[in-house]
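A short write-up of the structure that comes next.
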Amino acid sequence: MSEMSFEQMLEESIKTIRNGEVVEGTVIDVKPDEIILNIGYKSDGIISRNEYTNEPNVDLTTVVSVGDTMESKVLKVNDGEGQVLLTYKRLAAERGSKKLEEAFNTQEVLKAKVVQVLEGGLSVVIDEARIFIPASLVSDTYEKDLGKYKDQEIEFVITEFNPRRRRIIGDRKQLLLAEKEELQRALFERINVGDVLEGTVKNVTEFGAFIDLGGADGLLHISEMSWGRVENPKKVFKIGDVVKVFIKDINDKKIALSMKFEDENPWKDASEKYAAGTIIKGVVARMTDFGAFVELAPGVDALLHVSQISREHVDKPSDVLKIGQEIEAKIVDFNEEEKKISLSLKALLAPVEETAEEYEEAPVEDVVEEAAEEAVEEAAEE
């Protein structure tokens, strides 16, 4: 048997490789657009930028260093120039695909960064395997602008796995719904009517505001926003505001809220503040043909009847008064049970002898009531 030459022995000592084989190598050089590996073969292996990642314009010197060990897959044993063409991304994608298949079968929750925002949804990548999350499965509410998710890490589950058709679908919505359901269950277990909570304004409408209580939304109706009058909730609240509210009622999954705290009730001690005979200042808040409503304090309005504005005939309050005008008047009647207060400007005027014509200007019941009050006052003075 003849002895082998040195070249033959060297050839025998070097392993053979085939297309599609997975090889391990050591990085011996790295350039911005390619990686050179010693794979223990007679030729070095080359991984181009396009075969390393799907990310465009990546500088490979920032992700790989000389001396690193990495696995890759043989694309072509000889590229025509004696080099071995390798791919890293395809091997990673194959392994990533297997990982996704397992996650699909077990419904494992995955986490990945959004690498692309598409017209119809989001694209995320796990080990070079792409997953598409349709816009309808991104959130539990309608998302007008998906751009905010770019480069964010999000959690999802795989709901469809068909690598042959390159169709791998993710779903984030069901995770959010499950989380919300759990938060809702925990919230309803701990809250009761009368509890004071902090919440965040989620939406504002003409009739009220929806407050996120951390698990469920409660409705703060316009009538419960203040002891005073609120004309437009959108002028009082904006989305994101943190507010203190208390639970007025719980009906199944509906929560009614209020900000009319009893210790801030303007009618508290009203019998002392607004006793008949008290002279008080107020602001004309609104007017009708029969009188003007004067705000004495937020939540406390009093009626100034048209017959009590002047000793002279007044057709309508707007002929004499203006919205926002501050006036001083005398309280002539206080009804705590019905929360009604009646005012008079005439009562502040120097008494004069009233004619029958003046009495005809006012409703009979008002004239009788006024006459009775004046009689009481005269008796008291005597």
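Could you count how many residues in the range 215-240 are surrounded by 14 or more Cβ atoms within 10 Å (Cβ to Cβ) and not β-branched (Val, Ile, Thr)? Give the steps one after another, and end with the answer.
Here is the first cut: in the range 215-240, the ones surrounded by 14 or more Cβ atoms within 10 Å (Cβ to Cβ) are 215-222, 224-230, 233, 236-237.
Going one step further and asking which of them are not β-branched (Val, Ile, Thr), we end up with 215-221, 224-229, 233, 237.
The qualifying residues number 15.
In the range 127-141, how many residues are closer than 13 Å to residue 172 by Cα and open to solvent by 50 Å² or more (accessible area, probe 1.4 Å)?
The qualifying residues number 3.
Considering only residues of the range 83-113 that are of a type in the set (Ser, Thr, Tyr) and at pLDDT 90 or above, which is farthest from residue 128 (Cα to Cα)? Walk me through it before giving the result.
Residues of the range 83-113 of a type in the set (Ser, Thr, Tyr): 87-88, 97, 106.
This time we only want the ones that are at pLDDT 90 or above, so: 87-88, 106.
Values: 87: 12, 88: 9, 106: 21 Å.
Looking at residues that are of a type in the set (Ser, Thr, Tyr) and at pLDDT 90 or above, I get 106.
Tell me yes or no: at least one residue of the range 145-156 is assigned to a loop (DSSP other than H, G, I, E, B), on the phi < 0 side of the Ramachandran plot and surrounded by 14 or more Cβ atoms within 10 Å (Cβ to Cβ).
no
Considering the range 26-47 alone, what residues qualify as being out of contact with any Ser or Thr (no Cβ under 8 Å at 6 or more places or on another chain) and free of Cβ contacts under 8 Å to residues at least 24 places away in the same chain?
Scanning the range 26-47 gives a single hit, 36.
How many of the residues in the range 70-126 are over 30 Å from residue 176 (Cβ atoms), hydroxyl-bearing (Ser, Thr, Tyr) and open to solvent by 30 Å² or more (accessible area, probe 1.4 Å)?
1
I'd like to check something: does the range 171-182 contain any residue that is touching a residue at least 60 places away in the same chain (Cβ under 8 Å) and open to solvent by 40 Å² or more (accessible area, probe 1.4 Å)?
Within the range 171-182, one or more residues are touching a residue at least 60 places away in the same chain (Cβ under 8 Å) and open to solvent by 40 Å² or more (accessible area, probe 1.4 Å).
Please note which strands (runs of 3 or more DSSP E) are completely contained in the range 222-294 and include at least 1 residues that are more than 16 Å from residue 209 (Cα to Cα) and either of a type outside the set (D, E, K, R) or out of contact with any Lys or Arg (no Cβ under 7 Å at 6 or more places or on another chain) (or both).
Where strands (runs of 3 or more DSSP E) fall fully within the range 222-294 and carry at least 1 residues being more than 16 Å from residue 209 (Cα to Cα) and either of a type outside the set (D, E, K, R) or out of contact with any Lys or Arg (no Cβ under 7 Å at 6 or more places or on another chain) (or both), they are 242-251, 279-287.
Quick one: is residue 164 open to solvent by 60 Å² or more (accessible area, probe 1.4 Å) and closer than 30 Å to residue 130 by Cβ?
So residue 164 passes the test.
Sort out which residues of the range 16-59 are open to solvent by less than 50 Å² (accessible area, probe 1.4 Å), under 30 Å from residue 116 (Cβ atoms) and outside any strand (DSSP E or B), and write them in order of number.
20, 51, 52, 53, 58
Test each condition in (1) in contact (Cβ under 8 Å) with a residue 60 or more places away in the chain; (2) open to solvent by 40 Å² or more (accessible area, probe 1.4 Å); (3) over 45 Å from the mean Cα position of the chain (by Cα) for residue 307 and report the one that comes out false.
Among (1) in contact (Cβ under 8 Å) with a residue 60 or more places away in the chain; (2) open to solvent by 40 Å² or more (accessible area, probe 1.4 Å); (3) over 45 Å from the mean Cα position of the chain (by Cα), residue 307 violates only (2).
Could you list all residues from the range 332-345 that are surrounded by 20 or more Cβ atoms within 10 Å (Cβ to Cβ) and within 47 Å of the chain's Cα centre (by Cα)?
Selection gives 341, 342, 343.
Looking at 222, 247, which is the one that is in contact with a strand residue (DSSP E or B) (Cβ under 7 Å, 6 or more places away or on another chain), farther than 22 Å from residue 297 by Cβ and of a type in the set (Val, Ile, Thr)?
247
The values are calculated or read from the model by the stated rules, or taken from the named source; none is laboratory data. This structure is a prediction, so every number in the text was calculated from the model and none was measured. As a convention, Cβ positions derive from the backbone with ideal geometry for all residues, glycine included, and neighbour counts pool all protein chains shown. For the accessible areas, the whole protein counts, side chains as well, though only heavy atoms, and no ligand, DNA or RNA atoms are used. Shrake-Rupley method; radii C 1.70, N 1.55, O 1.52, S 1.80 Å.
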